[in-house]
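Inspection log for the structure reproduced underneath, given as structure tokens.
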Amino acid sequence: MAGVEVAAPAIASCATWGAAAARGTIDTVSANPNKILIHHTASANVTDYSQAAGYQIARDIQQWHFANGWVDTGQHLTVSRGGYVMEGRHGSLSRLQNGSGTVVGAHAPGQNSQAIGIENQGTYTSATPPAQLWSRLVELCAYICDQYGIAPTQIYGHRDYTATACPGDVLYSMLPQLRSEVAAALAGTSWSVIVDNTSAGFSAGSSWLTSSFSAERYGADYRYATPAEVSDLATYTATIPSSGSYRVEAWFPGIAGYNTSTPFIVYTGTGSSTIRVDQSAAGGAWLSLGTYAMTAGTRTVVAVSRWTQGTAYVVADAIRITRL
Ligand SMILES: [Zn+2]
């Protein structure tokens, strides 16, 4: 999961705002979402900014969505005109807090398993969102970006993906401002992400076996392979949120008998560097692979190669990337 340095706005769970039980199975995905879609509810621009009013509209929305034949509220999160943030579809909040996976929503066909949907209560075709709503929306988006490793450039309006007026001309015209305010909120914090071998961002072929042998492992287990002159990388994909300087570290169990010259490859977005790591010792802690100037974007940032000498296993466990 991403670092938790960005403060989370208070988010009322479904139980807190009084959601009805879901009327069917809610599907989940283990991959992290890759974007945020902004909506408006096209409901009245109420002037009752109370928490109670926001919760009541959330309950109304759930009933409208049941009437569509949906199993639950369609969106993942809701912001009231008074600036109260609520969980939408059951299960959205715990996964956001874990920074891992999400529930499949019903807010934009084709995007429901990869985009977090945020409904803003009200209609913003000609009206401007209240300041309280806007402030919480910026905080919420920054928190989502931080938790899931989503770049603030990946915030869109519903109409970018579906033929709809949503989220209204005024709110849609404010999306560039939203992206820049979210980027500023993120830049004001340190940023760090850990990709473990069990994370969605990890990939390795079948020659990479799984072990939990060493207690120095990160998480439940790690992957290992025999050296071979083959292109068979274990890769770690992450989203670098902005161009800048990043420290890259690796965690692995260090055991006499593991390889003394394991090639780690760091990809900066403009090139790559190979660092030889002695995995026969100094395990069970973060080992720096160096500091790199990186460009923003989602890509393989680190890979472990089997292309080295000897017969001692090469190990791929966890990596951490920290903005400096
Ligand atoms: Zn919409």
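The values are calculated or read from the model by the stated rules, or taken from the named source; none is laboratory data. Not measured: the values here are computed from a predicted model. No Cβ is skipped: glycine too gets one built from the backbone with ideal geometry, and neighbour counts run over all protein chains shown. The area values use the complete protein model at the heavy-atom level, side chains included, leaving out ligands, DNA and RNA. Shrake-Rupley method; radii C 1.70, N 1.55, O 1.52, S 1.80 Å.
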Within the range 134-145, of all residues that are farther than 16 Å from His76 by Cβ and of a type outside the set (A, V, I, L, M), the one farthest from the ligand (Cβ to nearest atom) is Ser135
Name the strands (runs of 3 or more DSSP E) wholly within the range 191-282 that hold at least 2 residues that are touching a Ser or Thr at 6+ places or on another chain (Cβ under 9 Å), in contact (Cβ under 8 Å) with a residue 24 or more places away in the chain and among the hydrophobic types (A, V, I, L, M, F, W, C)?
192-195, 234-240, 244-251, 262-267
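Scan the range 80-106 for residues that are more than 16 Å from the chain's Cα centre (by Cα) and either away from the ligand (no atom under 16 Å from the Cβ) or farther than 30 Å from Ser199 by Cα (or both) and jot them down. Quick ask: steps written out before the conclusion?
Of the residues in the range 80-106, the ones more than 16 Å from the chain's Cα centre (by Cα) are 80-90, 106.
Scanning the range 80-106 gives Ser80, Arg81, Gly82, Gly83, Tyr84, Val85, Met86, Glu87, His90.
Starting from residues that are surrounded by 19 or more Cβ atoms within 10 Å (Cβ to Cβ) and not hydrophobic (A, V, I, L, M, F, W, C), keep the ones in the range 193-220 and report whichever is nearest to Ser280 (Cα to Cα).
Keep residues of the range 193-220 that are surrounded by 19 or more Cβ atoms within 10 Å (Cβ to Cβ), which gives 193-197, 199, 201-202, 204, 208, 217-218.
Filter once more, keeping what is not hydrophobic (A, V, I, L, M, F, W, C): 196-197, 199, 201, 217-218.
Working: Asp196: 20, Asn197: 19, Ser199: 24, Gly201: 26, Arg217: 13, Tyr218: 16 Å.
Across the range 193-220, the extreme among qualifying residues is Arg217.
Based on what the data block shows, is Thr16 open to solvent by 20 Å² or more (accessible area, probe 1.4 Å) and within 16 Å of the ligand (Cβ to nearest atom)? Please lay out each step first, then the result.
Details: open to solvent by 20 Å² or more (accessible area, probe 1.4 Å): yes; within 16 Å of the ligand (Cβ to nearest atom): no.
In short, no.
Going through the range 107-121 one residue at a time, which ones are polar (S, T, N, Q) and more than 10 Å from the ligand (Cβ to nearest atom)?
Start the filter on the range 107-121 by keeping residues that are polar (S, T, N, Q), which leaves 111-114, 120-121.
Within the range 107-121, Gln111, Asn112, Ser113, Gln114, Gln121 meet the criteria.
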For the range 22-33, check the following and say yes or no: at least one residue is under 20 Å from Leu171 (Cβ atoms) and surrounded by 16 or more Cβ atoms within 10 Å (Cβ to Cβ).
no
Close pairs (7 angstrom Cβ cut-off, 6 or more residues apart or separate chains): closer than 30 Å to Thr237 by Cα and near the ligand (Cβ under 10 Å from one of its atoms) in the range 151-173, open to solvent by 30 Å² or more (accessible area, probe 1.4 Å) and in a loop (DSSP other than H, G, I, E, B) anywhere:
His158/Thr164; Arg159/Ala165; Tyr161/Gly110; Thr162/Pro109
